[in-house]
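Report on the structure given below.
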Amino acid sequence: MGQLRRYWLLGSALVETLLFSGCLLGWNSLSPILLELGVLSSHCHPDGAQAHENGDLEGPLTPPMAETDEGSPLKPLPAVCTLQEQGLNLGFMLGSLFLGVTFLSLQILMGYAQLRTLRQTGGALISVGCLMVGCACTNPHGLSLLLPFALVLLGVGGSCILFTSLMLPLFMGNNEWLYNSLVIGCFTASATVFTLMKVAYNAGVPFVPLLVAYGALSCAMCLNGCICWRLEQNGEGKKNKYSIQLQLTCCETGQKKEENSAWYRESLKYKFETSLRDRERILSRRKKLHFKRPEEPSSPLLRSSLLSPVFVLHLLSDSLLQTWLHFYISSLNLQLSALYSSLFGALQMLGLFSAPLISVLLHRQKDINKGTRTTSKGRLLICFILRIFTASGFGIACLIPSLGVQVVAFILHVVTRSSTFILSVELYNCVFPRSHFGSLFGIHTFCSSLATAFQHPLFLLTTGPLEGNPFWIHATFLMSCSLYISVPLSLWIGQRRRRDISQPIMLQPIGARPSIHTPI
């Protein structure tokens, strides 16, 4: 693979990840547009009131005031229907759910599908999803039910793009932690796409042409994959077989002139080669030599890793944290109401810097030896403790209804979300056996993504009994931050226990006086 093609593959993969992988995370910019266009508003009346089965009407909510970037009110927005908000949030829940759940299925499909095929499938799904969202916006009363299916396609397509971008260095023979952190940063900052669409929509550009242009970009990504992503999974075996056959052919051609000489027949090389009558049978294409690696008797079972306290506690705390982060995205417009500005969407670009900085902190003393772990448990403990402080600060800022404080909360939200994936990868790579990494990470992604579905009942609770105020929900999540301490605590206990076991036993000769050590 040429150096220029390598750079093009890596650079284009980062750009495509930034544009398409996590666009659904910009739901706080997309949902106001869908609300204004009337998508999923079939149960609402034109004045904004919601209709019930018994025919009674509930008064419309107070229409919020839109604002410009300078903060001056521009015009009153149309009244919001609660049922419409809940239906849109259901679609966001389905899309974000499939964005994470698909990751485990892609790990299974890696043995049957090429990397290029998965990436082209993701681009095609995003194109179809954008087309379905455009149809729902052009005819909101007749085609609104297409929106949940479109968001599911966007979630599955984004997962395909993220997965193939993370797997690309492995197929190129270079597994760099810095590149993977850049991919995670691009995934976090991908939510800015819908923010740019919202800015263009507020400037007067129609929303459907914006979606069509976005879908055309994903078609260009499919074309790039068809031309440049020629990565074969099983090409290494064919290459080795071809090199062996080429070497044998060259040796036989060079030895034809020597085989007729008399001194060659008396040489040890000739006698050795004539004794190997079955070399053609061994090197034949139809026969394969199978070398079985002896199983290690002391290798731990996968069940022991799944039932370990570190994995269970990390899975529970990470699922709770991701549910909190997704609920914050879905309820951001409710919390800020008239204070919302496009500034919050632009802050998603901080993920491009936070994820690489976390990786640099974890790998700043990377060992040169390939056999050792790249991340020490001491640095991993420090990063987990820093994430606890970041999540706690985010929860405290969510309780204060002020625009300046909410900007800080959004920054902490971006940093916390970008560190979740990286810390999980480093934890499973550092603590557990390497053979268990794929299974543990796949199960972790699947279970934590399923847990994010609970953000929809929390949203229903916020728009219903809590009357649009998520204060008590954020307070409950903040009190649950004490569970996050259990992960670094269990790591520290396990590290201290191994250190005590690994200490050598000092043997003294018979008759020697035992030394007395005073405990510290």
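The values are calculated or read from the model by the stated rules, or taken from the named source; none is laboratory data. Quick caveat, the model's predicted, so the values are computed rather than measured. Positions of Cβ are generated from backbone atoms using ideal geometry, with glycine treated the same way; all protein chains shown enter the neighbour counts.
Looking only at region 124-161, count every residue that is under 19 Å from the mean Cα position of the chain (by Cα), closer than 18 Å to F194 by Cβ and not polar (S, T, N, Q) and tell me the total. Adding up the residues that qualify gives 11. Answer yes if at least one residue in region 192-208 is more than 17 Å from W27 (Cβ to Cβ) and crowded, with 22+ Cβ neighbours inside 10 Å, and no otherwise. No: region 192-208 contains no residue that is more than 17 Å from W27 (Cβ to Cβ) and crowded, with 22+ Cβ neighbours inside 10 Å. Of the residues making up region 432-457, those that are part of a helix (DSSP H, G or I), touching a Phe, Trp or Tyr at 6+ places or on another chain (Cβ under 8 Å) and more than 21 Å from G155 (Cα to Cα) number 3. Only one entry in G95, G142 is at pLDDT 85 or above, not in a helix (DSSP H, G or I) and not charged (D, E, K, R), namely G142.
Residue check: is L231 surrounded by fewer than 21 Cβ atoms within 10 Å (Cβ to Cβ) and either modelled with pLDDT of 90 or more or in a helix (DSSP H, G or I) (or both)? Against the criterion (surrounded by fewer than 21 Cβ atoms within 10 Å (Cβ to Cβ) and either modelled with pLDDT of 90 or more or in a helix (DSSP H, G or I) (or both)), L231 does not qualify. Against the test of being without any contact (Cβ under 8 Å) to a residue 12 or more places away in the chain and of a type in the set (G, A, S), the options S439, S435, S482 yield a single qualifying residue, S482. Please list, ordered by first then second residue, the pairs with beta carbon atoms under 8 Å, 6 or more apart or interchain, first in region 200-226 and not assigned by TED's automatic domain parsing to the domain that holds V128, second hydrophobic (A, V, I, L, M, F, W, C) and buried (at least 20 other Cβ atoms within 10 Å of the Cβ). Qualifying pairs under 8 Å: none. For region 300-352, the set of residues classified as aromatic (F, W, Y) and at pLDDT 80 or above consists of F311, W324, F327, Y328, listed by residue number.
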